[in-house]
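For reference, the structure is listed below as structure tokens.
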Amino acid sequence: MQAATEVNRSHLGEVARVFLKLGFLGFGGPAVHIAMMEEELVRKRQWMTQEHFLDLIGATNLIPGPNSTEMALHCGHERAGWRGLLLAGACFILPAVFLTGLLAWAYKSYGMPPQVAPFIYGIKPAIIGIILAMMIRLGRKALKTLSRLVTSVQSVLA
């Protein structure tokens, strides 16, 4: 019993670190968040197989709501049970809440100074590039057969 508790605590710490990192660094929408999770959890940390990760994406797509948050919950649960589910969700969501609140406060207090406009204009293409790169990398892994590719194209067009 003692060893299982220690392992679970180390898993909880790992879940917290990973999802805080993803929560603070993840921008660009659910597709990028999920691609970042795949990179971090499947490739680097090997918490699960690629096939299992894709199964979780499939399950997530069946449930209404924000896909990347649901994936964080699924992955946290896979790693550390129901405590991992709660911790992954909080650590993934709270950084975005904090950063959005901070930006809202700054905008309310200072407006948008002219010096900031070129930065925002210049960052948009970079974000689009990151989104496309992550989607292409994840798509290559998920769409290995012609039937999967056809089904995905039909889903996008519907």
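A few points about this structure:
- Condition met for ARG79 (in a helix (DSSP H, G or I), closer than 15 Å to VAL18 by Cβ and more than 17 Å from the chain's Cα centre (by Cα)): no
- Test result for ILE123, over 21 Å from PHE53 (Cβ atoms), in contact with a Phe, Trp or Tyr (Cβ under 9 Å, 6 or more places away or on another chain) and of a type outside the set (Gly, Ala, Ser): no
- Every listed requirement among (1) more than 17 Å from the chain's Cα centre (by Cα); (2) surrounded by fewer than 13 Cβ atoms within 10 Å (Cβ to Cβ); (3) not in a loop (DSSP other than H, G, I, E, B) is met by ALA59 save one, (1).
- Within segment 29-51, the set of residues being of a type outside the set (D, E, K, R), assigned to a helix (DSSP H, G or I) and touching a residue at least 12 places away in the same chain (Cβ under 8 Å) comprises PRO30, ALA31, VAL32, HIS33, ILE34, ALA35, MET36, MET37, LEU41, GLN50.
- Exactly one residue out of PRO113, PRO95, PRO125 is part of a helix (DSSP H, G or I), exposed (fewer than 12 other Cβ atoms within 10 Å of the Cβ) and on the phi < 0 side of the Ramachandran plot: that is PRO125.
- Here the condition is being part of a helix (DSSP H, G or I), more than 18 Å from the chain's Cα centre (by Cα) and surrounded by 11 or more Cβ atoms within 10 Å (Cβ to Cβ); of ARG148, ARG137, it holds for ARG148 alone.
Read the figures in this text as sums done on the coordinates, not as results from a lab. Model, not experiment: these values are computed from the prediction. As a convention, Cβ positions derive from the backbone with ideal geometry for all residues, glycine included, and neighbour counts pool all protein chains shown.
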